[in-house]
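A quick write-up on the structure given underneath.
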Amino acid sequence: MSNLDDANALLTAINFDRFAEIEARHAPDVRFHSFRGPDLNSSVAVHDWHRTFLRDYADCSYGETEAVQDGDTVAIRATIEAKGYDYRPFSQRVVEVMTFADGLVQERRLYGMLSDLELDKPTNAAMTAALEFPGGNVNDTRKAATGFFDAILAGDAEAAGAFLAEKAVVIDTVYGTAQGPEKIAALFAGIPRPAFGTNRVTHVFAGPKDACVETSYDPARPRAASWVRMLEGKIQVIETYWMLREIGVSPRVDQARARALRQVILPI
């Protein structure tokens, strides 16, 4: 099996609550960071984490998956459909980054957006155009994604804009959505920063039409992953996924909804 096959098999095991298989597909000393936390360092801990996750995300299903395979790493963008504590369905877009060795996950990072993303008309049009693009060259995708983030994180809006399509959009459920090079630069400039450290690109995984770019102030503490979509050699869409817990945003879907556990009410 290829690494992509192994990644898809893990998602299938999650979809069907096969906890023993979930544990078996992770290396015994796997390192797992997730937007819900905590950070884990063993396959047994991942097994227990998924029991809690699949309790909170009842009837969990990974759908609309898109993958980029780059060396030993597979990055997958997906939409989770599930039911929360109030038993109403919700959706949440996520990015899974998995590094494999001998068919087992050695490192795994799970980033997320806030639940129930809704796109306005201009953003939806930009997304549709990017999805219809058949794809180009992997090296061109890598060059554009790396160049944009190196420039934007250095505060060079003009250089960053050269990598963007005219109607490029950024989709960020935490800090907002922007369209056009100037507004995109302003959005990135307005994201709060820690008191110390420099935000930098930690990994770039590229395919013919998409790239996954991870950025962080501390390589040991994953912070954000951006799913970059290309259109005719330019960046058309940037979707920002966060380690929500890392940036101080509550990752729990149930806290935004009325918790209503079913129970028997006995007479006094």
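The values are calculated or read from the model by the stated rules, or taken from the named source; none is laboratory data. Just so it is clear, the model here is predicted, and its values are computed rather than measured. Cβ sites come from the backbone with ideal geometry, for glycine too, and all protein chains shown count toward neighbours. With ligands, DNA and RNA removed, areas are computed over all heavy atoms of the protein, side chains included. Shrake-Rupley method; radii C 1.70, N 1.55, O 1.52, S 1.80 Å.
From Cα pairs below 8 angstrom and at least 6 apart in sequence, can you work out the relative contact order of region 1-68, rounded to a whole percent?
Relative CO of region 1-68 lands at 31 percent.
At a 1.4 Å probe radius, carbon and sulfur cover how many percent of the accessible area of region 78-137?
Roughly 50 percent of what the probe reaches on region 78-137 is carbon or sulfur.
If you take the square roots of the eigenvalues of the alpha-carbon gyration tensor of region 37-155 and sort them as a ≥ b ≥ c, do you get rounded (a/c under 1.5), prolate (a/b over b/c) or oblate?
Oblate, since a/c reaches 1.5 and b/c is not below a/b.
For the chain, give the share of DSSP beta bridges that are antiparallel, in percent and rounded to the nearest 5; count only bridges with both residues there.
Percent antiparallel among DSSP bridges in the chain is about 85.
With the Cα gyration tensor of region 101-249 giving a ≥ b ≥ c as the square roots of its eigenvalues, does the rule (a/c under 1.5 for rounded; else a/b larger than b/c for prolate; else oblate) give rounded, prolate or oblate?
rounded
May I ask you to derive the relative contact order of the chain, considering only C-alpha pairs under 8 Å and at least 6 residues apart, and to give it as an integer percent?
Reported as a whole number, the value is 18 percent.
If you fit an axis through the alpha-carbon atoms of helix 121-132 and take the longest principal axis of the Cα set of the chain, what angle between them do you get, 0 to 90°, nearest 10?
The angle comes out at about 90 degrees.
With a/c under 1.5 counting as rounded, go ahead and sort region 45-97 into rounded, prolate or oblate using the C-alpha gyration tensor (a ≥ b ≥ c being the square roots of the eigenvalues; past the cut-off, prolate if a/b is larger than b/c, else oblate).
Taking the square roots of the gyration eigenvalues as a ≥ b ≥ c, region 45-97 is oblate.
State which entries of Lys83/Lys121; Lys121/Lys209; Lys83/Lys167; Lys83/Lys143 exceed 32 angstrom in Cα-Cα distance in the structure shown.
In this structure, Lys83/Lys167; Lys83/Lys143 exceed 32 Å between Cα atoms.
Roughly what angle does helix 3-15 make with the longest principal axis of the chain, taking Cα atoms, 0 to 90 degrees, to the nearest 10?
Helix 3-15 and the main axis of the chain meet at about 40 degrees.
Return the loop-located GluC sites (Glu not before Pro) in region 95-146 (DSSP other than H, G, I, E, B) with at most 11 other Cβ atoms within 10 Å of their own Cβ; answer none if there are none.
Taking region 95-146 and a limit of 11 other Cβ atoms within 10 Å, the loop GluC sites (Glu not before Pro) found are Glu118.
For a quick check of understanding: with a 1.4 angstrom probe and all protein chains in place, what accessible area in square angstrom does Lys234 have, to the nearest ten?
Ignoring ligands and nucleic acids, Lys234 comes out at about 80 Å².
When N is the residue count of the chain, what does its C-alpha Rg come to as a fraction of 2.2 N^0.38 Å?
Ratio of Rg to 2.2 N^0.38 Å for the chain: 1.03.
Could you state the number of Å between the C-alpha centres of region 164-191 and region 38-84?
27
Who wins for biggest fluctuation among Glu246, Glu23, Glu158 in a Gaussian network model of the chain, springs between alpha carbons below 10 Å?
Glu158
Just from its helices, what would the mean residue ellipticity at 222 nm be for the chain, if runs of 4 or more DSSP H residues each count -39500 (n - 2.57) and the sum is divided by every residue, rounded to the nearest 500 deg cm²/dmol?
Computed ellipticity for the chain at 222 nm equals -8500 deg cm²/dmol.
At 1.4 Å probe radius, can you tell me the per residue accessible area of the chain in Å²?
Roughly 48 Å² per residue, with all protein chains present.
For helix 43-56, what angle does its Cα long axis make with the longest principal axis of the chain, in degrees from 0 to 90 and rounded to 10?
In the chain, helix 43-56 runs at an angle near 80 degrees to the longest axis.
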